[in-house]
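The structure under discussion appears below in the form of structure tokens.
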Amino acid sequence: MSERSNSGVGQKGSVTGLNDNMEFLGKRLHVQTEHAGFPVAHIITQVFSNGRVLLSKKTECPADIHASQDFTTIQKLMNTQHYQVLREIAAKQARILDSR
């Protein structure tokens, strides 16, 4: 389904992004999830094809989690959002293929 690159809680109490490549109806997609803190802490997942953004999903981090710098919880929230987008893409492909 997908190829994985880096993920997990980074060194010195930071989070690292998640990156996966997957096929969708013969097209290669790149799915990337990051945590950003300006101006409001959020998690953003973007789906790219040939350098173009096809989908962007942005979720605000709960203020108490961001303020406490609970990087383990932030990483879990990132993982949840990232894998949810991957599952949505795979489910969409399955529905399209099943309808043919």
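The values are calculated or read from the model by the stated rules, or taken from the named source; none is laboratory data. Treat the numbers as computed from the prediction; the structure is a model and nothing was measured. Cβ atoms come from the backbone with ideal geometry, glycine included; neighbour counts cover every protein chain shown.
At a glance:
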{"quantity": "Residues of the stretch 48-100 satisfying the condition of being closer than 12 Å to Phe24 by Cβ and of a type in the set (S, T, N, Q)", "calculated": "Ser49, Gln93"}
{"quantity": "Identity of the residue in the stretch 49-78, in a helix (DSSP H, G or I) and surrounded by 16 or more Cβ atoms within 10 Å (Cβ to Cβ), that ends up modelled with the lowest pLDDT", "calculated": "His66"}
